[in-house]
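Here's the structure we're looking at; comments come further down.
Nothing in this text is a laboratory measurement; each read-out follows from the coordinates by a stated rule. Computed from a prediction, not measured in an experiment: that's the story for all the values here. For neighbour counting, all protein chains shown are included, and Cβ atoms are generated from backbone atoms with ideal geometry for every residue, glycine included.
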């Protein structure tokens, strides 16, 4: 029997809702079967915690006296965008400090703010009649700011490819350090806990969906950049999904740096680890079939990062059960695997979200608009300008 969002929300309000994490539901389905599990369980919580470079924050500083139209802006020597209104800015997670280089960047500024630290603000202007001040040098805290909200254009990759390196030299990448001659494989998807692998057709996830975002309640604002919904048959019973992404938004003042962590990757730069949890309503039996999928039935591509092309070759397809085992076979040899994302932290988020729903503190939000089912990914046209 089908369930609606409102029927499930009413159960959340009156304390009768049944919630399981995406890992727990696998055992429930094995014991009770799809039909009975779909009847008994109302919500399944999913989560991920990993590096998400396409992240950042919008900030409003408020006006100084005399006022300034901020054109060039630095936060702890990290450049922020000055092409907005007078005292608005956007700081990206991967922007690097002009004095500390790759060891400190926009992600660190954001975490410092969340941790309550003082951040140095320097801004310069050309001066106008209405904004006569030419420069300002001061300190801010998160509490001082009028608005500060995380807005991440591309998070929660549905199914990111695993990475390896067939060349004879070490490679330092956003997928970590890749050892020569396929010395290791890294990956960054939480497998059976991954939100967009539990609703791969995006039946319940869309614009307006309420989510757990870095310790606060946030929302899906739009499709993520580079969004494309790919489906590839592995065998008669298995489909590999990949390519969907989410743009997310939430109040930075409500977030917790346990779930929003700055990081620096060797010879690559800075990034931000973002913790996201998405509740998926069990609207019918078909939804439960998707939710019951386990690591052994979820696949990704192992890609060779030594090829300097956007179309890097795929060396093989591998299940998350194999990746999670600590090694896979690649080109006839055993190769160690390592995750960049934290399964432990993802489990923590899934359980926190489960508890919040059970306590009636987190209601489901039906999408106001579905995400697209068809998109093409267009590469940059690299033309010589004469």
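Taking packing as the residue-averaged number of other Cβ atoms within 10 angstrom, the listed peptides 313-323, 168-178 run from highest to lowest as 313-323, 168-178. Once C-alpha pairs closer than 8 Å and six or more residues apart are averaged by separation and normalised to the residue number of region 62-145, the relative contact order reads 32 percent.
Between residue 128 and residue 249, the distance separating the two model label sites (each 7 Å from Cα on the Cα→Cβ line) works out to 2.4 nm.
State the antiparallel share, in %, of DSSP beta bridges confined to the chain, rounding to the nearest 5. Of all bridge pairs located within the chain, approximately 85 percent are antiparallel. The convex hull of the Cα atoms of region 187-313, projected and averaged over all directions, covers 9.5 nm². Under 1.5 on a/c is rounded, so check that first for region 146-195, then, if it is not, pick prolate when a/b is larger than b/c and oblate when it is not; a ≥ b ≥ c are the square roots of the alpha carbon gyration tensor eigenvalues. Oblate, since a/c reaches 1.5 and b/c is not below a/b. Assign one of three labels to region 114-221, namely rounded, prolate or oblate, based on the Cα gyration tensor with a ≥ b ≥ c the square roots of its eigenvalues; rounded applies when a/c is under 1.5, prolate when it is not and a/b is larger than b/c, and oblate otherwise. Oblate. Contact order, relative form, for the chain: 24 percent (alpha carbon pairs under 8 Å, 6 or more residues apart, mean separation divided by residue count).
When the Cα centres of region 327-343 and region 177-223 are compared, how far apart do they sit, in Å? Answer, in whole Å: 20. The length gained on full extension between residue 296 and residue 84, counted as 0.36 nm times the residue separation minus their Cα-Cα distance, comes to 71.6 nm. With everything on Cα atoms, drop me the angle between helix 343-358 and the longest principal axis of the chain, reported from 0 to 90° to the nearest 10. With rounding to tens, the tilt is 80 degrees. Report the Cα centroid-to-centroid distance between region 14-64 and region 120-149 in angstrom, as an integer. A separation of 39 Å, based on Cα centres. For helix 5-14, report the angle its Cα long axis makes with the longest principal axis of the Cα atoms of the chain; keep it between 0 and 90° and round to the nearest 10°. The angle comes out near 80 degrees. Oblate is the label for the chain, because a/c, from the alpha-carbon gyration tensor with a ≥ b ≥ c as root eigenvalues, is 1.5 or above and a/b does not exceed b/c.
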